[in-house]
1. Tally the residues that are in a helix (DSSP H, G or I), of a type outside the set (A, V, I, L, M, F, W, C) and at pLDDT 95 or above, restricting the search to the stretch 10-35.
2. For the stretch 68-81, indicate whether the set of residues that are modelled with pLDDT of 95 or more, over 12 Å from the mean Cα position of the chain (by Cα) and over 11 Å from Trp16 (Cβ atoms) is non-empty.
3. What number of residues in the stretch 47-67 are β-branched (Val, Ile, Thr) and farther than 20 Å from Thr29 by Cα?
4. Would you check which residues across the stretch 68-86 are in contact with a Pro (Cβ under 6 Å, 6 or more places away or on another chain), within 18 Å of Pro31 (Cβ to Cβ) and either buried (at least 22 other Cβ atoms within 10 Å of the Cβ) or not basic (Lys, Arg) (or both) and list them?
5. Restricting to the stretch 18-48, count the residues that are among the hydroxyl-bearing types (Ser, Thr, Tyr) and closer than 14 Å to Ser71 by Cβ.
6. For the list (1) at pLDDT 95 or above; (2) farther than 16 Å from Ser78 by Cα, I need the number of the one condition that Ala5 fails.
7. Can you give me the number of residues within the stretch 41-78 that are of a type outside the set (Ser, Thr, Tyr), assigned to a helix (DSSP H, G or I) and touching a residue at least 24 places away in the same chain (Cβ under 8 Å)?
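The values are calculated or read from the model by the stated rules, or taken from the named source; none is laboratory data. Keep in mind it's a predicted model, so treat the numbers as computed, not measured. Quick reminder, even Gly has a Cβ in these numbers, built from the backbone with ideal geometry, and neighbours come from all protein chains shown.
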Amino acid sequence: MTDQATTPDVTAIQEWLLGTCRDLGLQATEPGHDFFETGGTSLTAIKLIAKVEERYGDGALPPDDLFTQSSMRGIAASIGRNATVTGTPGEPRA
């Protein structure tokens, strides 16, 4: 269990997520945008999960969460709940 001092900031996660989704070719620009409605596919989902795990730790974005909470806001909340590494936007995980 992570303590509050190391819990990632959901706003920072959303910003990182939106940029990462744009890098993957999605048209996501707002927290309310849906991953799949902005061009996400099952292949893009796998790529996103890999990037999330690289940044926030293994299991930070369970596939079930991505498919059931597919808004950028919902995905960021899932990452915030499951992250094992705080991740700093713009910096790779050590």
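1. 6
2. Among the residues of the stretch 68-81, at least one is modelled with pLDDT of 95 or more, over 12 Å from the mean Cα position of the chain (by Cα) and over 11 Å from Trp16 (Cβ atoms), which makes the answer yes.
3. Looking only at the stretch 47-67, we keep the residues that are β-branched (Val, Ile, Thr), and these are 49, 52.
Next cut, farther than 20 Å from Thr29 by Cα only: none.
Count: 0.
4. Passing the criteria: Met72, Gly80, Ala83.
5. So the answer is 2.
6. All conditions pass for Ala5, except number (1).
7. Of the residues in that region, 11 qualify.
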